[in-house]
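These notes concern the structure reproduced below.
Where a number appears in this text, it was derived from the coordinates with a stated rule and is not lab data. Computed from a predicted structure; not experimentally measured. Here Cβ is always computed from backbone atoms with ideal geometry, including for glycine, and neighbour counts include all displayed protein chains.
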Amino acid sequence: MFKFNKTAKKYKLSQYYEVLLGLITITAVNLIFFRTDPGFISVSPHPYWIVVLLTACRYGFAGGLFSGIMAGLFLIVFRSLSIPEIELADFRTLAMWGKPILFGLVGVVLGEMRQIHIREYNALSEERDAFHDAFDKVKTKYDVLSEAKQELDSKILSQESTLGTLYEAAQGLRTLSIDSIYPAVLEILREFMDVDECSVYLLDGTEFRLDTALRHGKSFVPEVVPYGESLMSVAAEQKKAVSIRDIASTESISSGIIVSAPIMADNHKHVVGVLNVEKMPFLKFTSDSVRVAGLVADWCGSSVENATVFAETKDKLIADEITEAYTYDYFQRRLREEFIRARRYKLDLALLMLEFPELSNVSDVGRDEVLMAFSLILRTHVREIDILFMSEDPGVFFMILPTTPASGARIVVNNLLTSFRQLNKMAYETDQNLVNIRIGVAGFSLGMEDPSEMVEAVKGDMIDVFLSE
């Protein structure tokens, strides 16, 4: 039985198999238990309706038509057998064909009604399958794009991390003497670009003079190179890092320079020298390496300029011995430098503004206590590359945070405020009315055109914080 059922389903003959099985089952019950009424002729409604109705409702038009025809045939056979001496005229009566025809009509009508629903269901199923296929394709593309995005994000984060680490390493140049800056710059190239040979030439009138060189072996380094005869001249004229790929002539090949970047001073107005790369691994020689060389040369120029200014005006730059804050004029110049650098190399930059509203109203002893606490907290919570400046207004300070987004600056603010609250009693022991501070944060965005926009943004972000809370 199970084998026949499985075979019927395999060849989509279940409806015919079930109709015959149902009619045969009803006939068997009839002949075994109700022999006096063969074919259930006198029973109404007739048991064959069970097969006709169920088949038509389940399988549709074909099942209803087949069940109606078979039920009618079974009934005609039993009605013919019930007539002892049947004649041809008996086959023309309504009693003989009435119920069989009714079986067929009901099977067809119910089957067609069910067939309509089957067609709609099949259409919806096909549409659903099409949507599933489209969804699977979109999901596959989404997974591929997500994986590509993750790889791209990891590359971007790696590049930003490398650039940020490089930037922090270069900030150490600001604390070196002028004589130590150029060797330190060459070491940075060697460490971050795997450069084998590099040099620094300073511009002296109409010629470049060698200042410092990093070499492996005994390769020749010219002491003087006339202006206009090498890649150094191209970099100095264009005021940007260039490589041998950027020029059509072969003048620079004889000097062995593959990358040359200008070292500029006076707020990037004048070229004072060039930073050259003469030898590096071939696979490392990319557009990114040229960009990094330009960035390092830019830091070198700023370092030389700042070291010169620091050496000449050391006493004037430090406005307060306790806070070690720089003057407001130097703040404007330094903010412009960091702003230009952040915009050129797409680096993060944050500006922090702190104001003690009551500082001008307290006694000298109370002011000193506040500044002592302020200096102690700064030395504890900020990096060496973060620089503090005084404002033109008393009790107001600015802080530049290079390579730091606005979100990172707010973390610094929270740490500062937490420490201020912890030192509140000690710092404000003399003047109890000094219990609040105003603070604001602004971050650099690519839409900014001038450093003054950051100053206006940080002033607009100022909020009052009560240290006694």
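Among the listed pairs LYS149/LYS346; LYS218/LYS284; LYS139/LYS284; LYS240/LYS279; LYS218/LYS269, give every one whose C-alpha distance is greater than 28 Å.
Pairs exceeding 28 Å: LYS139/LYS284; LYS218/LYS269.
How large is the dipole of the range 176-311 about the Cα centre if only Lys and Arg carry +1 and Asp and Glu carry -1, each at its Cβ, rounded to the nearest 20 debye?
The calculation lands at about 260 debye.
Going by how many other beta carbons lie within 10 Å of each one, how would you line up TYR330, TYR48, TYR17, fewest first?
Ranking TYR330, TYR48, TYR17 by Cβ neighbours within 10 Å, fewest first, gives TYR17, TYR330, TYR48.
Take the Cβ-Cβ distance between GLU449 and ASP129 as r, set R0 to 56 Å, and report the resulting FRET efficiency rounded to the nearest 0.05.
About 0.50, to the nearest 0.05.
For THR25, THR380, what's the fewest-to-most ordering of other Cβ within 10 Å of each Cβ?
THR380, THR25
What order do you get for THR55, THR212, THR308 when you list them from fewest to most C-beta neighbours inside 10 Å? Walk me through the numbers on the way to the answer.
Details: THR55 29, THR212 18, THR308 12.
Least to most surrounded, the residues fall as THR308, THR212, THR55.
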